[in-house]
Amino acid sequence: MSYQFITSAKLPTRHGEFDIHIFENDEGQEHVMLTVGLSVVDQTTGTMTAPSSDDTSSQRPIPLVRIHSECLTGDAFSSLKCDCGPQLNTAMQAIQESGCGAILYLRQEGRGIGLTNKIRAYALQDQGHDTLDANLMLGLPADARIYDMCGPMLAHIGVNAVRLITNNPNKVAYLTEHGIDVVERVPLLVGVNDMNAEYLATKRDRMGHMLDKDFNTAIHLNK
């Protein structure tokens, strides 16, 4: 599957101003990148232009990057079933404070199974099944997300080394395997509450997310 850059503009937010870039794959699906302090590579000449900063790739710090898959319920509706909304907002704030970074916002709702199936899985979770088993009971993969759009997005801003905000080792592995140097993994543990504690425990115990002692501390503080 191929991806192409479509357009960009300024995006003021409560965290600060970003540049918003839209990409589209050959199936017409749109993905979003928010950037701060990063230059854009002119694809025709290979030179850098700087829409929001006079940094050059040789002068700027290693950017702080978050790969975030769309979560309508968490990002827009502030659902307490997951930690997605707090993760997105915390990452946006951290990138603004760092002055150099990007959010890669990928349109793959519900770990790639889509919104309708995600709500079907929610119904099974309401009956006591964990998030992984709910997907499997619907005949769906535990995690159907793909990250092949990340390379073109990062290439668009000339980035080949990142400080990656994630608890998910699969994201680190994917970028590393595709030539992006993950010089640091920055943990992101926010939004923990009684409603999503089991969801986060499933991420840790069954999906290999790196939460460990910080997760146990957060659960204790929220009780």
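The values are calculated or read from the model by the stated rules, or taken from the named source; none is laboratory data. Quantities reported herein were computed from a predicted structural model and do not represent experimental measurements. A quick note on method: Cβ atoms are made from the backbone with ideal geometry, for glycine too, and the neighbour counts reach across all protein chains shown.
Can you spot a residue in the stretch 63-74 that is surrounded by 19 or more Cβ atoms within 10 Å (Cβ to Cβ) and assigned to a helix (DSSP H, G or I)? Scanning the stretch 63-74 turns up at least one residue that is surrounded by 19 or more Cβ atoms within 10 Å (Cβ to Cβ) and assigned to a helix (DSSP H, G or I). The sole residue among Arg185, Arg163, Arg204 that is under 22 Å from Lys118 (Cα atoms) and either basic (Lys, Arg) or touching a strand residue (DSSP E or B) at 6+ places or on another chain (Cβ under 6 Å) (or both) is Arg204.
Which condition number does Val172 fail, the rest of (1) modelled with pLDDT of 90 or more; (2) in contact with a Cys (Cβ under 9 Å, 6 or more places away or on another chain) being met? Every listed condition holds for Val172 apart from (2).
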